[in-house]
1. Under 7 Å between Cβ atoms, at least 6 apart or on separate chains: pull out the pairs that start in region 63-87 with a residue that is free of Cβ contacts under 8 Å to residues at least 40 places away in the same chain and at positive phi and end on any residue that is of a type in the set (S, T, N, Q) and not in a helix (DSSP H, G or I).
2. Identify, from the list ASP77, ASP34, the residue that is acidic (Asp, Glu) and either more than 22 Å from ARG111 (Cα to Cα) or modelled with pLDDT of 90 or more (or both).
3. Assess whether THR84 counts as being under 30 Å from PHE52 (Cα atoms), among the hydroxyl-bearing types (Ser, Thr, Tyr) and at pLDDT 90 or above.
4. Any chance you could count how many residues in region 70-99 are touching a helix residue (DSSP H, G or I) at 6+ places or on another chain (Cβ under 7 Å), aromatic (Phe, Trp, Tyr) and not in a loop (DSSP other than H, G, I, E, B)?
5. Sort through VAL138, VAL60, VAL54 and tell me the only one that's under 42 Å from the mean Cα position of the chain (by Cα), surrounded by 10 or more Cβ atoms within 10 Å (Cβ to Cβ) and touching a residue at least 24 places away in the same chain (Cβ under 8 Å).
6. Of everything in region 143-155, what is surrounded by 10 or more Cβ atoms within 10 Å (Cβ to Cβ), in a helix (DSSP H, G or I) and at pLDDT below 90? Give them in sequence order.
7. Go through (1) without any contact (Cβ under 8 Å) to a residue 12 or more places away in the chain; (2) among the small types (Gly, Ala, Ser); (3) surrounded by 10 or more Cβ atoms within 10 Å (Cβ to Cβ) and name the single condition ALA104 misses.
8. All but one of (1) surrounded by 10 or more Cβ atoms within 10 Å (Cβ to Cβ); (2) under 16 Å from MET64 (Cβ atoms) hold for ARG113; state the number of the condition that does not hold.
Amino acid sequence: MARLNGRQDSGALDAPKGRRSTVLTRRPAPVSRDRFGRVTEAIARAMGTPWFLVGLSLFVVVWMLFNTLGPESLRFDSAAIGFTALTLILSLQASYAAPLILLAQNRQDDRDRVQFEQDRQRAERNLADTEYLAREVVALRLALQDMASKEFIRAELRALLDELDREKKPDAGD
């Protein structure tokens with residue numbers, strides 16, 4: 001049995017799993033390799049909500065009102081040149097939104113493909129199980145047809161009783 005520094009190795013098979021030592025085998029928490037994909041899906045999902053559209057609309061309205069009606073010294077995007085900074089920000093947002101949505105769609109397609117494959121395998125197993133059960137039912141029906149019925153057994157017993165009675169009658173006449 002493996003021992004480390006006088007202690008039992010956590011991989012020992014002679015101790016119940018709950019009682020094995022885990023002091024020497026600390027493992028870091030598993031890091032998800034798919035974190036980026038989940039984040040992009042969350043962003044894409046958020047962009048498709050009414051709250052995002054309302055928030056974006058409010059942002060644009062506040063931006064335009066501030067840069068039109070706000071104090072001249074605090075304005076940073078002129079209405080005279082068509083709110084260039086706002087246009088750049090919205091273009092940047094749109095340029096990131098499209099790939100994020102495509103990534104989310106690709107991930108959904110992959111999940112759908114895996115789900116389809118699992119459904120197909122489940123359907124094949126169900127079909128095989130159904131065919132097996134159908135064969136078993138047919139075998140049971142055939143076995144029941146070969147089995148003696150209550151009436152057949154009664155008739156056979158009556159015939160045996162009649163035969164025994166016939167055998168006893170000649171003995172009684174002697």
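The values are calculated or read from the model by the stated rules, or taken from the named source; none is laboratory data. Predicted model, so just to flag it, every value in this text is computed and none were measured. Neighbour counts are summed over all protein chains in view; Cβ atoms, including those assigned to glycine, are modelled from backbone coordinates with ideal geometry.
1. Correct list of pairs: empty, since none qualify.
2. None of the other options fit; the residue is ASP77.
3. Values: under 30 Å from PHE52 (Cα atoms): yes; among the hydroxyl-bearing types (Ser, Thr, Tyr): yes; at pLDDT 90 or above: yes.
So THR84 passes the test.
4. 0
5. Testing whether each residue is under 42 Å from the mean Cα position of the chain (by Cα), surrounded by 10 or more Cβ atoms within 10 Å (Cβ to Cβ) and touching a residue at least 24 places away in the same chain (Cβ under 8 Å) leaves just VAL60.
6. Hits for region 143-155 are PHE152, ILE153.
7. (1)
8. Of (1) surrounded by 10 or more Cβ atoms within 10 Å (Cβ to Cβ); (2) under 16 Å from MET64 (Cβ atoms), only one is false for ARG113: (2).
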